[in-house]
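For reference, the structure discussed in these notes is given below.
The values are calculated or read from the model by the stated rules, or taken from the named source; none is laboratory data. Here the structure is a predicted model, which means the values were calculated and not measured. Neighbour counts are summed over all protein chains in view; Cβ atoms, including those assigned to glycine, are modelled from backbone coordinates with ideal geometry.
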Amino acid sequence: MEILIDPSQHLTRELGSGERLLWSGRPRQGIIFRSSDIFMIPFSLFWGGFAFFWEFSVISGVTKHDAPSGFNIIFPLFGLPFVLVGIYIIFGRFFTDAKQRQNTTYGVTNQRIIIKTGLFTLSTKSLNLRTLSDLSLDEKSNGYGIISFGPVNPYSRIGGSSSWPGARRYAPPCFDMIPDAKRVYEIIRQAQNATTPE
């Protein structure tokens, strides 16, 4: 269930002198499927299936007769990290992504872009409108979209920025899955034009 929070309340304290909030919002809430899941779901099932089969085979004693007794402990421990990764990419990444978006607030002021987010602890990122480049919009048919602030890594189109732990740090800052994305995009463009000296 989506938690109804006024995003402007989270950003008011971030504003400086003479700074005005032009727009504030939050990403779409809950478990969502992205276009990158067309690739990630089959891959995660293949990875997880192989890891689970390996671990089950080792624990059930299918391979222990072919190795010295000391390897009977090492083999299950060797496969455990692959099982944990499999569990994460099959199920865990969806809950991690949902939690991250639940803790995220976006803002556009007359001076900058504000992204306030975090999984366990919140951090605030600011992007100056005057120096902002490579602004791009990826809009879906339902009006939700992603506004990226910087060059988009081709990997994010395949694997998604939320698919792997720590992958977000290599993706450009963005407004992720926001409603009425095109309108927000135009607000940013107008704010940029207003900051450009004549």
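Key figures
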item	result
Boolean, TYR155 is modelled with pLDDT under 85 and of a type in the set (Phe, Trp, Tyr)	yes
Criterion violated by GLY61 - all others in (1) at pLDDT 90 or above; (2) at positive phi satisfied	(1)
The range 66-104, subset within 13 Å of the chain's Cα centre (by Cα) and either modelled with pLDDT under 85 or polar (S, T, N, Q) (or both), residue nearest to SER24 (Cα to Cα)	THR104
Every residue from the range 33-42 that is in contact with a Ser or Thr (Cβ under 9 Å, 6 or more places away or on another chain) and either part of a loop (DSSP other than H, G, I, E, B) or at pLDDT below 80 (or both)	ARG34, SER36
Extreme residue, surrounded by the most Cβ atoms within 10 Å (Cβ to Cβ), among residues of the range 1-32 that are assigned to a helix (DSSP H, G or I) and of a type in the set (D, E, K, R)	GLU14
Positions within the range 33-48 being surrounded by fewer than 16 Cβ atoms within 10 Å (Cβ to Cβ) and of a type in the set (A, V, I, L, M), in sequence order	ILE38, ILE41, LEU45
Search result, residues across the range 7-54 that are polar (S, T, N, Q) and either within 30 Å of GLN190 (Cα to Cα) or touching a His at 6+ places or on another chain (Cβ under 6 Å) (or both)	SER8, GLN9, THR12, SER17, SER24, GLN29, SER35
